[in-house]
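Asker: Provided herewith is a single structure, encoded as structure tokens, for subsequent inquiry.
What follows is calculated from the coordinates using simple rules that are stated; it is not laboratory data. Just so you know, these numbers come straight off a predicted model, no measurement behind them. For neighbour counting, all protein chains shown are included, and Cβ atoms are generated from backbone atoms with ideal geometry for every residue, glycine included.
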Amino acid sequence: MRRPESRFPLFRKRIPQDVLPKLQGRTLTIQVGDTSVPCRITEKTREIKVSLRTAEPGEAKERQADISAQLERQWRAIRNGPQRLTQKQVVSLAGEIYGLVVDRYEDDPETPERWDAVIEGNRLAKEGRWPIHIGSTDAQIRNAYEHTFGPLADLVLSRRGLEIDDDSRDRLLRRTGDLLDRAAERLKRNAEGDYSPDEVRKGFPSWTSAAPKRAAPAANTQARVSLQKLLDDWWTEAKALGLSGATRESYSHAVGKFRKHLKHDDAARVTPEDVIAFKDARLKEVNPRTGKVVSPKTVKDSDLAGLKTVFGWGVRNRRIETNPAEGVTVKLPRAARKRSKSFSDEEARLILDLSLAYRPGRRERPTLAAAKRWVPWLCAYTGARVGEMVQLRKQDVRRDAGGWYIRITPDAGWVKDKDMRDVPLHPHLIEQGFIEFVEGAPDDRLFVTPDKVGDITASWRTTKTRLAEFARKVVPDPDVQPNHAWRHRFVTEGRRVGVPERVLHEITGHAPSNVGEAYGEVPMSTMREGVERFPGYWQYYSVSA
């Protein structure tokens, strides 16, 4: 649900009546993206409420589905009653906690003294003297272990959807305490500059969800579930909810790569170890078109996001029991910013000059040639996303009493926030002959070619890629995005010439910066006045002319 006081939507889910009494007094740890959020259940609690911590609609939907799946596993575990963990399972879960802590801090571990203090705090907890320095009775020791190590144990138990008995929890907390000492020692060495291989991790067994049984009857074996069928059924529902074809293509690519890696198509057989192995393999894979290794961001935001979404849908719809991709991620380093995100004056001139003088190749599709000629100029004068311009139709170029404008609408294809907006055309675009081009275009789509069933997804993606390659001919700098830099430059130039921020937001389709800005509308006449403040790339035009 939306909240007027925040741009982040709120997740809400009622706690089932049969589960509620068993939860009171406990704290559930919920994974929201890369953040762990504790939720304390009191006598007055009737529902789980947690911020989704993102304003991006697609990401919010994925997080909503993921949190819902986490809670459903928790409810199921509570209903089934606590289970006893084997020694191997205890060590496996404690190893996960060790990995979470080391992965969180190893890049920037601060000072060795910090980890000396952690080791000392762990020692006091084990003696029952933390967080308060009094006696060391058995009850006080248990409370100290619970206070110090319990939240991390709750995190991995929530991820696994586990409800464990008191003896298992006691053994898990004690093993966690021992391993967190070793984690602190590891991080202390990191702080001193020692990043030698981590030998401790090699001793952790992989998680198995149940204690070994002598003979599991065939009736208890989950039926085969086709990965491809799971993907197709997910898309049937996702399409009805308005997800874009680009999302389908991205996730289909991820599932296809995963099936090829697995060498089978049975979703019920997939384990977290399979997903981790796939992730590791993808991080070593070379893209045959670029000759470069697949980026960690692609693996995280495309491959793993697709698997998590499709498997999560399978869990919620009772196709499979668990989501094997949950909790598997790639830790992305913060990219060093080496330059402005906008094109410089010279870079803008080079691209626009190249675009203005472009002549199509012998066998080049007319729509692609038109895209190279017009889309860079459209982006320069509208601040729109390249994908929004690439999917333009004739009917999206319109005129009112004040002049010409473009309608950017989900009806044409992909729009990030799914909101229609109108953007005035700069006079220089009209002077160059853009309106004559639109009126003379042979098909409704200006820059893409639909396939036999009318779908533009493949052509849309290809055209965006070709436009990026086109810009790279004259702007090879890898630290600037060849398509998206126009969007940054438009906002920068708008501020320079004094266009109000609210008007810039309306033109570019950015979310309002506060609740007040979301009220009312910016009239077309006001936007047109703002666009006309841009001095235009007249000097570039005259150079090429």
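Asker: For residue 129 and residue 167 in one chain, what is 0.36 nm times their gap in residues minus the Cα-Cα distance, to one decimal in nm?
Answerer: Value of the extension gain: 11.5 nm.
Asker: Residue by residue, what Karplus-based ³J(HN,Hα) values in Hz, rounded to whole numbers, does the stretch 438-453 have, using 6.51, -1.76 and 1.60 with θ = phi - 60° and x for Gly and Pro?
Answerer: 4, 5, x, 5, x, 10, 5, 7, 7, 10, 10, 10, x, 7, 5, 9
Asker: Please determine, in degrees from 0 to 90 and to the nearest 10, the orientation of helix 485-496 with respect to the longest principal axis defined by the Cα atoms of the chain, where the helix direction is its Cα long axis.
Answerer: That helix lies at roughly 70 degrees to the long axis.
Asker: Let me make sure I get this right: for the stretch 222-316, a, b and c are the square roots of the gyration tensor eigenvalues over alpha carbons, sorted descending. Under 1.5 in a/c it's rounded, otherwise prolate if a/b > b/c, else oblate. Which is it?
Answerer: oblate
Asker: Still on this structure, I have one more. Give the long-range amide H neighbours of residue 384: residues separated by 5 or more places, or on another chain, with amide H under 5 Å away, using H modelled in the peptide plane at 1.01 Å from N.
Answerer: Here the answer is none, since no amide H 5 or more places off falls under 5 Å of that of residue 384.
Asker: Based only on other Cβ atoms within 10 Å, what is the fewest-to-most ordering of 467, 504?
Answerer: So the residues, fewest neighbours to most, are 504, 467.
Asker: Using 23 Å as the Cα-Cα cut-off, could you pick out the over-long pairs in 341/473; 284/308; 284/341?
Answerer: 284/341
Asker: So, one more: Listing 339, 373, 189 from the residue with the fewest other Cβ atoms within 10 Å to the one with the most, what is the order?
Answerer: Listing 339, 373, 189 from fewest to most nearby Cβ atoms yields 339, 189, 373.
Asker: Any chance you could run the full-extension gain for residue 341 through residue 26? It's 0.36 nm times the residue separation minus the Cα-Cα distance, nm to one decimal.
Answerer: 108.8 nm
Asker: Computed from these coordinates, which is Rg and Dmax of the Cα atoms in Å: [x] 27.8, 88; [y] 24.7, 77; [z] 27.7, 99?
Answerer: [x]
Asker: Can you run phi through the Karplus equation (6.51, -1.76, 1.60; θ = phi - 60°) for the stretch 174-181 and list ³J(HN,Hα) in whole Hz, with x for Gly and Pro?
Answerer: 5, 5, 4, x, 5, 6, 5, 4
Asker: Long-range amide H contacts for residue 266: which residues qualify at under 5 Å (H placed 1.01 Å from N, peptide plane, sequence gap of 5 or more or a different chain)?
Answerer: 227
Asker: Apply the Karplus parameterisation 6.51 cos²θ - 1.76 cosθ + 1.60, with θ equal to phi minus 60°, to every residue of the stretch 148-162 and state each ³J(HN,Hα) to the nearest whole Hz, in sequence, with x for glycine and proline.
Answerer: 7, 10, x, x, 5, 4, 4, 4, 6, 5, 5, 4, 8, x, 10
Asker: Next question. For residue 197, what is the net charge nearby, where nearby means another residue's Cβ is under 14 Å from its Cβ and Lys, Arg count +1, Asp, Glu -1?
Answerer: Local net charge: 0.
Asker: Within 10 Å, count the other beta carbons around each residue, average over each peptide in 253-261, 278-286, 175-183, and list them highest first.
Answerer: 175-183, 253-261, 278-286
Asker: Assuming a strict under-22 Å limit between Cα atoms, what lysine pair count do you get for the stretch 10-205 once near-sequence pairs (fewer than 8 apart, same chain) are dropped?
Answerer: 10
Asker: Same structure, new question: Rounded to the nearest 5, what % of the DSSP beta bridges within the stretch 10-205 are antiparallel ones?
Answerer: 90
Asker: Search the structure for amide H atoms under 5 Å from the amide H of residue 39, placed 1.01 Å from N in the peptide plane, and list their residues when 5 or more places away or on another chain.
Answerer: 28, 29, 30
Asker: While we're looking at this one, here's another question. If you take the beta carbon distance between residue 199 and residue 492 as r and set R0 to 45 Å, what does 1/(1 + (r/R0)^6) give as a FRET efficiency, to the nearest 0.05?
Answerer: Efficiency for this residue pair is about 0.35.
Asker: Provide the FRET efficiency to the nearest 0.05 for the residue 510-residue 39 pair, computing r from the beta carbons and using R0 = 22 Å.
Answerer: It comes out at approximately 0.10.
Asker: Can you tell me which of 142-150, 12-20, 31-39 comes out highest on packing, and rank the rest after it, using the mean Cβ neighbours within 10 Å?
Answerer: Order by mean packing, descending: 142-150, 31-39, 12-20.
Asker: What is the helix-to-structure angle for 305-316, meaning the angle in degrees between its Cα long axis and the longest Cα principal axis of the chain, kept from 0 to 90 and rounded to the nearest 10?
Answerer: 60
Asker: Straight-line reach only, C-alpha to C-alpha below 14 angstrom: list the aspartates and glutamates that residue 394 could link to, leaving out same-chain residues fewer than 8 apart.
Answerer: Straight-line reach from residue 394, under 14 Å: 411, 436, 439, 443, 444.
Asker: In the stretch 432-485, which trypsin sites (Lys or Arg not before Pro) are in a loop and have at most 15 other Cβ atoms within 10 Å, using DSSP for the loop call?
Answerer: Taking the stretch 432-485 and a limit of 15 other Cβ atoms within 10 Å, the loop trypsin sites (Lys or Arg not before Pro) found are 452, 473.
Asker: Between residue 83 and residue 418, what is the spin-label point distance in nm, taking each point 7 Å from the Cα along the Cα→C-beta axis?
Answerer: 3.6
Asker: Moving on. In percent, how large is the relative contact order of the chain, given Cα pairs closer than 8 Å and 6 or more residues apart?
Answerer: Reported as a whole number, the value is 12 percent.
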